[in-house]
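See structure below.
Read the figures in this text as sums done on the coordinates, not as results from a lab. All of these numbers come straight from a predicted model, not from anything done at the bench. Ideal geometry is used to build each Cβ from the backbone, glycine not excepted, and the neighbour counts take in all protein chains shown.
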Amino acid sequence: MLCSLGMGLSISTTGKRQFVAREVAIFTAFLPVFLLSSFVVDIRSMLVAVRLIAHIVVTPYLIAALQSTFLAGNGPIVLPDLLAFTLF
């Protein structure tokens, strides 16, 4: 939480306008998590170094649990993914 606060403060102080600060915040925080979440690109098709980083990010586990729950209706199968998500 303090890291996010520090990142937000540093972005807002370096940007001269609110629009610039918002775009920099989206580019530095949201975009990498979105691209590494396996929502757009499958993790198995990424480079090995990027794949390792993607497994550190929490969102692939949540995406796998949501896809399994909403698309297939498999409730108990998603328990390992949800457990991994709650450990982070």
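Data table
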{"item": "Selected from 86, 56, 24, residue furthest toward positive end of dipole (the chain; charges at beta carbon)", "result": "24"}
{"item": "Long-range HN-HN contacts of residue 37 with modeled amide H, under 5 Å", "result": "none"}
{"item": "Distance between modelled label sites at residue 18 and residue 33, nm, 7 Å Cα→Cβ extension", "result": "2.2"}
{"item": "Sequence of 19, 39 once ranked by neighbouring C-beta atoms within 10 Å, starting from the fewest", "result": "19, 39"}
{"item": "For the chain, radius of gyration divided by Kirkwood radius, i.e. Rg to Rh on alpha-carbons", "result": "1.08"}
{"item": "Expected 222 nm ellipticity per residue - DSSP helices of 4 or more, -39500 (n - 2.57), all of the chain, to 500", "result": "-17000 deg cm²/dmol"}
{"item": "Cα centre as origin, Lys/Arg/Asp/Glu Cβ charges: the chain dipole, Debye", "result": "280"}
